[in-house]
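Have a look at the structure below, then the notes.
The values are calculated or read from the model by the stated rules, or taken from the named source; none is laboratory data. Source: prediction; values computed, not measured. Using ideal geometry, Cβ is built from the backbone for each residue, glycine included, and neighbour counts are taken over all protein chains shown. Heavy atoms of the whole protein, side chains included, go into the accessibility calculation; ligands, DNA and RNA do not. Shrake-Rupley method; radii C 1.70, N 1.55, O 1.52, S 1.80 Å.
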Amino acid sequence: MKDDNSQANGGEPPSNHRLQSLKEFHSAGRGFWRDVPDADWNNWHWQLKNRITTPEQLQRLMPTLTPEEFAGAKLANHKLALAITPYFFNLIDLMDEHCPIRQQVIPRIEETHTASWEMSDPCGEDSHSPVPGLVHRYPDRVLFLVTDRCAAYCRYCTRSRLVSNATGYDFHPEFDKQIAYIAQHPEIRDVLLSGGDPLLLSDEKLEQLLGRLRAIKHVEFLRIGSRIPTFLPQRITPELCAMLKKFHPLFLSIHSNHPRELTTEVRDALGRLADAGIPLGNQSVLLKHVNDDVTVMKAHVQKLLMCRVKPYYIYQCDLISGSAHLRASVRRGIEIMTQLRGHTTGYAVPQYVIDAPGGGGKVPINPDYVLSHNPDRVVLRNYEGKIFEYPEAADGTPLSSPPKEIEEPQMV
Ligand code: SF4
């Protein structure tokens with residue numbers, strides 16, 4: 001997207017005007033569903049029942065559907081199902097082939113193009129799964145997969161081998177076995193519920209599951225990973241929030257990639273969760289033509305804070321099969337991080353990570369701020385590119401001389 005003309009906004013720098021405009025909150029509106037009664041539109045079951053799931057529906061609703069998208073939609077059910085809630089569909093700019101919302105949920109034929117280094121299980125989850133639906137990758141925590149269904153399907157999904165069952169993975173979590181494993185492993189202090197989307201379970205089923213996990217003495221901390229707040233904010237009912245608050249400490253990681261996803265509906269839903277005392281974090285995936293842009297990313301992280309959500313991770317897009325057209329480069333990711341750190345509130349700065357291909361776990365990726373480190377000193381670069389020295393004795397004895405700037409300021 002091009003910067004706006006500064007003359008059109010009273011001489012304000014173009015990038016600032018664009019930033020402010022991306023941070024405005026808007027409702028998704030009703031679009032094609034303007035005649036649907038409020039009671040239906042605001043009902044999450046209605047939204048799920050009325051999802052767009054076929055190429056023909058897409059064709060009818062999107063006069064600008066391209067041949068690549070139509071072909072992708074026709075093949076989607078062999079790889080990762082097509083499903084978009086009416087609410088989220090309304091965020092698509094139908095006139096813009098490169099709309100960042102469109103890129104995330106409308107299949108393309110490029111999804112069938114796979115390279116030899118791409119994988120169906122890029123994070124090596126299946127090889128770290130002691131019982132079906134449980135991934136024990138890190139020493140003190142587990143990933144508990146509760147379902148293979150999502151409210152809508154992200155075209156870059158790391159778990160596309162499993163979610164939506166388009167590939168015939170036939171995922172059947174066995175809660176009894178998963179819970180028994182956790183109970184038998186006292187080193188597990190943190191359980192992350194994910195899937196698929198855990199918030200697609202009914203309140204009753206989710207309450208039962210959280211209750212069983214809470215009853216295990218060594219489980220200190222529960223987390224839920226969910227894209228429901230952005231795909232289906234109608235699901236975040238007062239009843240759901242009242243139920244979730246019984247299980248503190250319970251954290252929720254949402255998934256949002258672009259500031260336009262943060263609508264007034266989403267802000268209200270997140271407010272209900274925050275009012276229930278649930279700490280909220282966001283996980284984004286760095287995606288080409290979606291959020292691989294400093295202004296977009298800055299607007300997104302600042303807007304997340306306005307929604308009471310701490311930006312938690314930016315993931316480098318995993319090497320999932322058929323995702324090359326959506327992957328931005330690591331170089332781009334580092335450039336974006338360089339433009340966030342120090343240039344905006346520290347709370348707004350997420351950690352950029354690569355999930356090491358094949359199952360190595362998350363590796364933090366940072367711009368180089370430590371230029372050298374020897375027995376006498378650490379040489380540092382700050383966000384403006386200025387160089388500083390921090391004196392440090394080899395044996396850890398504090399030195400008396402204060403840190404000093406050692407070179408002329410230099411922009412990096
Ligand atoms: S919501 Fe999560 S699990 Fe579901 S398709 Fe998107 S990335 Fe995959």
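Check whether at least one residue in the stretch 168-175 is under 20 Å from Ser321 (Cβ atoms), open to solvent by 10 Å² or more (accessible area, probe 1.4 Å) and touching a strand residue (DSSP E or B) at 6+ places or on another chain (Cβ under 9 Å), and report yes or no.
Checking the stretch 168-175: at least one residue is under 20 Å from Ser321 (Cβ atoms), open to solvent by 10 Å² or more (accessible area, probe 1.4 Å) and touching a strand residue (DSSP E or B) at 6+ places or on another chain (Cβ under 9 Å).
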Checklist entry - Where residues in the stretch 181-229 are small (Gly, Ala, Ser) and open to solvent by 40 Å² or more (accessible area, probe 1.4 Å), which of them is nearest to the ligand (Cβ to nearest atom)? => result Ser202
Checklist entry - Do we have any residue at all in the stretch 94-101 that's closer than 24 Å to Glu265 by Cβ and assigned to a helix (DSSP H, G or I)? => result yes
Checklist outcome for this item: Restricting the stretch 348-379 to residues that are surrounded by 14 or more Cβ atoms within 10 Å (Cβ to Cβ) and modelled with pLDDT under 90, the one farthest from the chain's Cα centre (by Cα) turns out to be Arg377
Checklist entry - Of all residues in the stretch 278-293 being outside any strand (DSSP E or B) and closer than 21 Å to Phe247 by Cβ, which is least open to solvent (accessible area, probe 1.4 Å)? => result Ile278
Checklist entry - Out of all the residues in the stretch 185-239, which are in contact with a helix residue (DSSP H, G or I) (Cβ under 6 Å, 6 or more places away or on another chain) and among the aromatic types (Phe, Trp, Tyr)? => result Phe231
Item to check | Residue ID - nearest to Ala324 (Cα to Cα), chosen from residues in the stretch 79-105 that are more than 13 Å from the ligand (Cβ to nearest atom) and among the aliphatic types (A, V, I, L, M) | outcome: Ile101
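In the stretch 294-315, which residue that is assigned to a strand (DSSP E or B) and open to solvent by 30 Å² or more (accessible area, probe 1.4 Å) is farthest from Glu24 (Cα to Cα)?
Tyr315
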Checklist entry - Name the residues in the stretch 140-177 that are more than 18 Å from the chain's Cα centre (by Cα) and near the ligand (Cβ under 8 Å from one of its atoms), would you? => result Ser164
Item to check | Residues located in the stretch 62-78, provided they are in contact with a Leu (Cβ under 6 Å, 6 or more places away or on another chain) and either crowded, with 22+ Cβ neighbours inside 10 Å or under 23 Å from Ile320 (Cα atoms) (or both) | outcome: Ala73, Ala76
Checklist entry - So which of Asp35, Asp4 ends up being surrounded by fewer than 20 Cβ atoms within 10 Å (Cβ to Cβ) and modelled with pLDDT of 95 or more? => result Asp35
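Would you point out the residue of the stretch 42-61, among those that are more than 10 Å from Thr85 (Cα to Cα) and touching a residue at least 40 places away in the same chain (Cβ under 8 Å), that is least open to solvent (accessible area, probe 1.4 Å)? Before the answer, list the steps.
Of the residues in the stretch 42-61, the ones more than 10 Å from Thr85 (Cα to Cα) are 42-43, 45, 54-61.
After this cut, where a residue has to be touching a residue at least 40 places away in the same chain (Cβ under 8 Å) as well, the list is 42-43, 58.
Working: Asn42: 94, Asn43: 58, Leu58: 0 Å².
Of everything passing the filter in the stretch 42-61, Leu58 is least open to solvent (accessible area, probe 1.4 Å).
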Next on the checklist: Quick check on my filter: what residues within the stretch 342-369 are part of a loop (DSSP other than H, G, I, E, B) and in contact (Cβ under 8 Å) with a residue 40 or more places away in the chain?
Outcome noted: Gly342, His343, Thr345, Val349, Pro350, Pro357, Gly358, Gly359, Gly360, Ile365
Next on the checklist: If I go through the stretch 263-277 residue by residue, how many of them are in contact with a Cys (Cβ under 6 Å, 6 or more places away or on another chain) and outside any helix (DSSP H, G or I)?
Outcome noted: 1
Checklist entry - Does Leu91 count as more than 30 Å from Asp293 (Cβ to Cβ) and crowded, with 21+ Cβ neighbours inside 10 Å? => result no
Checklist entry - What is the one condition in (1) open to solvent by less than 40 Å² (accessible area, probe 1.4 Å); (2) farther than 18 Å from Gln316 by Cα that Pro132 does not satisfy? => result (1)
